[in-house]
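**Student:** What follows is a structure written as structure tokens; I'll ask about it next.
The values are calculated or read from the model by the stated rules, or taken from the named source; none is laboratory data. Bear in mind that the values here come from a model prediction, so they are computed numbers and not experimental data. Please note: Cβ atoms are built from the backbone with ideal geometry, for glycine as well, and neighbour counts cover all protein chains shown. When the accessible area is computed, the model is the full protein with side chains, heavy atoms only, and any ligands, DNA or RNA have been set aside. Shrake-Rupley method; radii C 1.70, N 1.55, O 1.52, S 1.80 Å.
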Amino acid sequence: LATNETNFKELRENKIESILIKLLKRRKEDLFLLDSGALEEAAYTIWTLSFRIESRNDFITDGAIELLKSFPCDSDGVKKGIDGALWNLDENYRKNVPRLNSNRNHVMISYSWG
């Protein structure tokens, strides 16, 4: 839903970031007891929306970083969603992620020209 521009505008108008974080905070204990699918979907939703600076700022203000860090990483899907969202939201998180060896030469090949 959030990747479509029209949907994104309507979600923003309805303050989806605040609603989502409030819901997750209220239902956090219940979500932890369920299978990891609900946590994975929540993390991926925050990740997707946080690519937009407006949403990113709202998530940060509403406490998404602390909430995401409290999620259990029991599955690869949950971990990937949390890592992606935190990469967008938390500057300190980006600084602490291991980097590739920068002494090696890298080449990027673009497949979109032609």
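**Student:** Provide the solvent-accessible area of Trp87, counting protein heavy atoms only and rolling a 1.4 Å probe, rounded to the nearest 10 Å².
**Tutor:** Here the accessible area works out near 100 Å².
**Student:** Name the shape class, rounded, prolate or oblate, that the alpha-carbon gyration tensor gives for the range 20-76, where a ≥ b ≥ c are the square roots of its eigenvalues, rounded holds for a/c under 1.5, and otherwise prolate holds if a/b is larger than b/c and oblate otherwise.
**Tutor:** Prolate is the answer for the range 20-76, as a/c is 1.5 or above and a/b outweighs b/c.
**Student:** How much accessible area does Phe51 have with a 1.4 Å probe, in Å² rounded to the nearest 10?
**Tutor:** About 120 Å², ignoring ligands and nucleic acids.
**Student:** At a threshold of 8 angstrom on Cα-Cα distance, excluding pairs fewer than six apart, so keeping six or more, what relative contact order does the range 1-60 reach in percent?
**Tutor:** Working: 26 pairs, mean separation 24.5, N = 60.
Normalised by residue count, the contact order of the range 1-60 is 41 percent.
**Student:** Using a 1.4 Å probe, what is the accessible area per residue for the range 28-93, in Å²?
**Tutor:** Numbers: 3480 Å² over 66 residues.
That works out to 53 Å² for each residue.
**Student:** First measure r as the distance between the Cβ atoms of Ser18 and Tyr111, then evaluate 1/(1 + (r/R0)^6) with R0 = 41 Å and state the FRET efficiency to the nearest 0.05.
**Tutor:** Calculated value: 0.60.
**Student:** Let me ask something else. Out of the total accessible area of the range 1-80 (probe 1.4 Å, heavy atoms of protein only), what percent is carbon and sulfur?
**Tutor:** For the range 1-80, the apolar C and S fraction of the accessible surface comes to 52 percent.
**Student:** At 1.4 Å probe size, put Tyr93, Tyr111 in order of accessible surface, largest to smallest.
**Tutor:** Tyr111, Tyr93
**Student:** Take the Cα of Lys79, step 7 Å along the line toward its Cβ, and report every residue of the range 26-44 whose backbone nitrogen sits under 20 Å from that point.
**Tutor:** 32-44
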